[in-house]
Structures are given as structure tokens and as C-alpha cells.
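What follows is a short report on a single structure.
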Amino acid sequence: MRADQREAQPREHDPRDVPQQDEGNEDEREAPLGSFYQYSTASGLRRLDLGSVHIANSICFSLDGRTMYFCDSPRRQIMACAYDADGAAVADIRPFASLGPLDGQPDGSIVDAEGCLWNAAWGAGLVRRERAPVAGRGRPAWLYSAVPDDELPGGVAEYAGLASALAETIEQTSGSPGRDAIDAGRRWGRQLATARGPGTGDDADARRAVVKLLDGLGFAPQPDARHVVVRLTRCPLLEAARRHPEIVCGVHLGIVRGALEVQGGEIDGANLFAFSEPGACLLDLSGPGCHDGERQP
């Protein structure tokens, strides 16, 4: 984003008094309850006329303090508006940048010394940089599209769409969603593994084949030396998994067990521990257990 690079002159209060945020409800299906506010020592707390939001985020300003950037994270769109700090007034509210279904949700933003906006996209492992179109003379406008920190393997988008639809269907129709999710995932895993060819029957080879399968589905697995404990550092269905962990994680566990069955590995030894550490889930292939039980030593 490009703007006048001169800092605004000091006044009775900073012309870029930072608005406060009331995050409201994270679930976009609920009525938005959050708002954006400005606080200054001179005028106290004043609500900005930016409508109601679910998760107020991405607040930052152009270098001259006259443009404010903000977002409602679940809507996946960073907005811009003209900003008058003295009057706590906003105008010309408009879209600035949009994120796709696999690009995460816009989180915190900052404008750098060149007037460019950087945004941390939650759940996608990426940073976006956008530049507003130049009005009149100046450098040509440019725009960087959002991409993951490393390229997503082919087929990930298709898998994410199918698995999301499956999770929603199980939630709405099943009397035992956790068990049915594992069963559905197991059938899916058998199909995926069969398409890759039969296994050798060796348990170690089966574990390696499953890790390769998960890599192709976009989980960015990090196995230990023996492929027994695997860190899954990316979830193609992160938002759905946070809403329906029993179902989504059950489908993923079933995929692993179904693939192991085809490859000749230990089926009951597979256990998935969702969100067990920051930035990763753990897949444990070390011994028998249950999906929701304690991890094997």
C-alpha cells in the first residue's frame, strides 16, 4: 500500500489514535457483536461507524494517518477507509484485499516504511503484501497474490472441499458422528492407498507410505526417523477441525487406518492427537489405543 511518507504533525492528541477492538463471537454464523473504537486522552472512547463485526482485526494506518485498514477476520477481506482522527470519523469504506478459502484469515497488519501493508494470515502460514493503486503521478501499482509458505501439492483443494462436505454431512445426519467419521475416513483411505498400488506388507514401509500420502494431501508431515511419531504441521481443514474436531480428526484418523490396512501396516496402532502442540497435531503409529485416549509412551 502506498501513501504519503511524511509523518503527521503532533496535535493535542496523536492523529492516529489507535482504535480499540471488541472481538465478539468467532463463529460467523452468529450475529456479529464486535465494533471498532477510538480512544484518546482528549476525547475518550468513541465508536467508529464501521458496522458490527465478528472478529475486529488488522488495524493499521497509512503513513500520513489518513487511511485506516481493518477487517472482520472470518469474512477474509481487508478493508480500507478514509480516517479523520480528530472527529473519529470514517468515510469511503472499500475493499482492499481478499483472501481465498485456502489463504487463511486476515489477522494483524502493519504498514512498513515504504507505505506497504503486511498482513499475517492466520491458519495459512503466509504474509501478504499489498500496494494501493497510485492516484496521479507516482510508481505503478503492484499487487502480490497470497500463496502458502511452500506450494500446496496438487489435489489439496479438491481434498479439502470433499472432506469439508463429508464432515458437514456426518454432523447433520449421524447419531454417532465420531465413529462414523472414522469409518468414512477408513473407506476413503483404502481407496487413496489402493490407487497408489499395493504395499510390501512391511510395517515400516507401510508407515512411510502413509506419511507420503498425507504429504500429498497437504498435511506437511514431519516424521521422526522411524516414521512412528509424525507431526502434522498443516491442516487442510483447519477451520472445520476447530468447529468439529471429533468429526474432522476422525476422518483423518480413518484415512490413516485405511491406508495402513492396504499397505499391510498395524491398523490399530494409529492414533491422532489433535492440536497437541502449538502449530501441529501428532500422529502416533507406535501401538494400539483409542482415538481419544492417552498417547502411547
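With a 10 Å Cβ neighbour count serving as the proxy for reagent exposure, in which order, fewest first, do 251, 111, 262 appear?
111, 262, 251
Amide H to amide H, with H built 1.01 Å from N, residue 35 comes under 5 Å of 22, 53, counting only residues 5 or more places away or on other chains.
Computed from the Cβ-Cβ distance with R0 of 22 Å, the FRET efficiency linking residue 242 to residue 94 stands at 0.15.
Maximal additional length on extending the residue 118-residue 165 stretch stands at 13.7 nm, based on 0.36 nm per residue less the C-alpha distance.
Suppose the chain between residue 173 and residue 64 were pulled fully straight at 0.36 nm per residue; how much longer would it get relative to their current alpha carbon spacing?
33.8 nm
Under the definition of Cα pairs under 8 Å and six or more residues apart, what whole-number percent is the relative contact order of region 209-270? The partial results should precede the final answer.
Values: 50 pairs, mean separation 14.2, N = 62.
Contact order relative to length: 23 percent.
Once you order the gyration tensor axes a ≥ b ≥ c over the Cα atoms, which shape class does region 157-261 get: rounded for a/c under 1.5, otherwise prolate or oblate by comparing a/b with b/c?
On the way: a/c = 2.00, a/b = 1.55, b/c = 1.29.
Taking the square roots of the gyration eigenvalues as a ≥ b ≥ c, region 157-261 is prolate.
For residue 258, neighbours were defined as the other residues whose beta-carbon sits under 11 Å from its Cβ, and their charges (Lys and Arg +1, Asp and Glu -1) total +2.
Every number here is computed from the coordinates shown, using simple stated rules; none is lab data. From a predicted model like this one, the values you see are computed outputs, not experimental measurements. Using ideal geometry, Cβ is built from the backbone for each residue, glycine included, and neighbour counts are taken over all protein chains shown.
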